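Student: Starting off with a structure, shown below.
The values are calculated or read from the model by the stated rules, or taken from the named source; none is laboratory data. Treat the numbers as computed from the prediction; the structure is a model and nothing was measured. Counting neighbours? That spans all protein chains shown, and the Cβs are built from the backbone with ideal geometry, glycine included.
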Amino acid sequence: MDLLLDAPRDFGHVCVISRTLEALGIQKCFVHDPNSLIRTRYGKSRTRRLKNVSAGAFFRISFERIEEPENFLASWPGRKVATVPDPGATPLPAFRFYPDDLILFGSEGQGISPELLTLCEERVTIPQRGMTQSLNLSVATGIVLFEFLRQEAEP
């Protein structure tokens, strides 16, 4: 299993995602990053924030920047699974992940770009009971990845 973040917009969410990835034992994350959130160096205040929010995990995750996500997806050998807040998508508890899946997560507010959605074979959604339109990116990422790892551990 691999994951791709499509154009995240909130640096804090990326920090929380890195903490979740590291806690779950996932060491790599592909990111289409037109907002330049992933950098080799940060200023003092941003470095302090990412250390605090990620509990240092940010530096233990290998973020691989993807400049041409359409080409990247077209060449991916496994399924591309889009996470979407769409009641017509397969509910997460009913979805079966495969080991070579690439799971896509969209940006806050915009979701996965339409161009990338057309390249995905599957769409999965986290069922919600409340009135809030959707979960934030970091929470949704944790829920979906936990379910992937739960399924992987099944006999």
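Student: Filter region 41-72 down to the residues that are buried (at least 18 other Cβ atoms within 10 Å of the Cβ) and over 23 Å from PHE146 (Cα atoms) and list them by number.
Tutor: Across region 41-72, the qualifying residues are PRO69, PHE72.
Student: Additional query: It is to be established whether one or more residues within region 75-93 are assigned to a loop (DSSP other than H, G, I, E, B) and touching a helix residue (DSSP H, G or I) at 6+ places or on another chain (Cβ under 7 Å).
Tutor: no
Student: I would also like to ask the following. Can you name the residue in region 57-79 that is of a type outside the set (Asp, Glu) and free of Cβ contacts under 8 Å to residues at least 12 places away in the same chain and is also nearest to PRO99 (Cα to Cα) among such residues?
Tutor: SER75
Student: Sticking with this structure for a sec: Out of the residues in region 73-90 that are touching a Lys or Arg at 6+ places or on another chain (Cβ under 7 Å) and surrounded by fewer than 16 Cβ atoms within 10 Å (Cβ to Cβ), which is modelled with the highest pLDDT?
Tutor: Step by step, filter region 73-90, then rank; the result is THR90.
Student: Then there is this: When you look at SER107, is it in contact with an Asp or Glu (Cβ under 8 Å, 6 or more places away or on another chain) and farther than 24 Å from GLU22 by Cα, yes or no?
Tutor: no
Residue by residue, here is whether (1) in contact with a Cys (Cβ under 8 Å, 6 or more places away or on another chain); (2) crowded, with 18+ Cβ neighbours inside 10 Å; (3) not hydroxyl-bearing (Ser, Thr, Tyr) holds:
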{"residue": "GLY111", "(1), (2), (3)": "no, yes, yes"}
{"residue": "MET131", "(1), (2), (3)": "no, no, yes"}
{"residue": "THR141", "(1), (2), (3)": "no, yes, no"}
{"residue": "GLU147", "(1), (2), (3)": "no, no, yes"}
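Student: Surrounded by 17 or more Cβ atoms within 10 Å (Cβ to Cβ), small (Gly, Ala, Ser) and either free of Cβ contacts under 8 Å to residues at least 24 places away in the same chain or closer than 20 Å to ARG9 by Cα (or both), is that true of SER107?
Tutor: Answer is yes for this residue.
Residues are listed down the side, and each one gets a yes or a no for (1) in contact (Cβ under 8 Å) with a residue 24 or more places away in the chain; (2) in contact with a Lys or Arg (Cβ under 7 Å, 6 or more places away or on another chain); (3) on the phi > 0 side of the Ramachandran plot; (4) part of a loop (DSSP other than H, G, I, E, B):
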residue	(1), (2), (3), (4)
CYS120	yes, yes, no, yes
PRO127	yes, no, no, yes
GLY130	no, no, no, yes
ALA140	yes, no, no, no
ILE143	yes, no, no, no
GLU147	yes, no, no, no
